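These notes are about the structure you will find just below.
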Amino acid sequence: MPSVCVPNLADVTISGNRDQSGVVLCGSIFDGRQLEGWTFRIDAYYRTLEAARHQDGPETAGHIAPSGRFVPTASSFTLGTVFTEDDFRALFAGIRGGPAGAWIREELQNEIVCDVDQAWVRRQYAPGNYPPLHAPHGWHQDGALGFDFLAHQDGGFPADSLLPMVTCWIALGSCGEESPGLELVMRRIERLVAPSDLIDERVRARFEPMEFSRPAMGLGDALLFRGDILHRTHVTPAMTKDRTSIELRFFPADNVPVRLKGDRFMTVS
């Protein structure tokens with residue numbers, strides 16, 4: 001399938017004549033040595049989860065720390081399950097002082113905070129390795145986080161229904177070729193898309209083939225994208241390896257969404 005490349009952040013001008021797609025790829029914001037300790041704990045926790053899913057049932061509710069959440073359909077758990085406050089600070093430090101932090105601040109026009117209750121570790125499996133209940137993510141917008149679609153079935157979404165936010169999606173290994181990655185639509189939408197319009201056939205019909213991108217990423221690479229960007233898991237039957245990633249959601253420090261007011265936020269910059 002023809003595809004457009006995601007702009008590399010090294011080639012994007014901050015505060016100037018800049019790319020308007022709402023998506024950039026930032027290479028190697030963390031190196032393998034920096035990620036090693038975190039990855040060790042994450043992998044150990046997944047081994048516990050995977051054993052429990054096969055032996056005790058797919059929900060494995062008893063194997064999650066009281067402060068954590070696990071979503072079996074997405075094989076995802078909240079990052080705070082294995083991260084300490086110091087780990088979060090170290091993670092933010094790696095983002096804050098570099099071009100990734102500058103791009104996020106530019107997009108949100110503000111100092112930024114991270115919703116640590118919506119920070120996730122995600123594992124996407126090769127098709128032959130799916131555990132019970134697991135499925136790839138379908139098309140969605142992260143800016144729909146917490147929105148009550150059932151209360152607006154007529155499609156009359158409020159003006160503030162799409163959250164002002166940026167997702168930072170960090171690969172903990174190579175992905176997009178031998179293991180699942182992401183597929184994105186490289187066009188700003190700036191409004192909430194109804195669930196009925198998120199089935200693959202409708203998304204394909206709405207956008208040109210060249211507007212879809214399936215970036216190949218390496219260890220420590222990060223995708224940064226606005227909350228309106230459509231994306232989903234990219235997985236093919238030929239893939240044989242699993243992929244693990246960290247997902248962070250950033251918001252303007254002075255405009256934390258009301259519908260997330262119960263979450264815990266940490267200052268990044």
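The values are calculated or read from the model by the stated rules, or taken from the named source; none is laboratory data. Everything quoted here is computed from the prediction, not taken from an experiment. So basically every Cβ, Gly included, is an ideal-geometry build from the backbone, and we count neighbours across all protein chains shown.
When 53, 33 are checked against the criterion of being modelled with pLDDT under 95, of a type outside the set (Asp, Glu), over 30 Å from residue 132 (Cβ atoms) and not in a loop (DSSP other than H, G, I, E, B), a single residue qualifies: 33. For the range 83-133, residues that are surrounded by 19 or more Cβ atoms within 10 Å (Cβ to Cβ), touching a Phe, Trp or Tyr at 6+ places or on another chain (Cβ under 9 Å) and not in a helix (DSSP H, G or I) total 10. When restricted to residues that are in a loop (DSSP other than H, G, I, E, B) and either touching a residue at least 24 places away in the same chain (Cβ under 8 Å) or in contact with a strand residue (DSSP E or B) (Cβ under 6 Å, 6 or more places away or on another chain) (or both), the range 66-80 contains 6. In the range 183-212, the qualifying residues are those that are part of a helix (DSSP H, G or I) and touching a Pro at 6+ places or on another chain (Cβ under 9 Å), and the one that is nearest to residue 34 (Cα to Cα) is 210. Checking the range 174-186 against the condition returns a match, with at least one residue being in contact with a helix residue (DSSP H, G or I) (Cβ under 9 Å, 6 or more places away or on another chain), closer than 21 Å to residue 250 by Cβ and β-branched (Val, Ile, Thr). Quick check: anything in the range 143-152 among the charged types (D, E, K, R), surrounded by fewer than 17 Cβ atoms within 10 Å (Cβ to Cβ) and touching a Phe, Trp or Tyr at 6+ places or on another chain (Cβ under 9 Å)? No; the residues of the range 143-152 include none that is among the charged types (D, E, K, R), surrounded by fewer than 17 Cβ atoms within 10 Å (Cβ to Cβ) and touching a Phe, Trp or Tyr at 6+ places or on another chain (Cβ under 9 Å). When the residues of the range 243-262 are filtered to those that are of a type in the set (D, E, K, R) and buried (at least 18 other Cβ atoms within 10 Å of the Cβ), the one that is nearest to the chain's Cα centre (by Cα) is 249.
With in a loop (DSSP other than H, G, I, E, B), within 24 Å of residue 102 (Cα to Cα) and at pLDDT 95 or above as the only criterion, which of 136, 215 stands out?
Exactly one residue qualifies, and that residue is 215.
Residues that are within 22 Å of residue 26 (Cα to Cα), in a strand (DSSP E or B), at pLDDT 95 or above and among the hydroxyl-bearing types (Ser, Thr, Tyr) do occur in the range 164-178.
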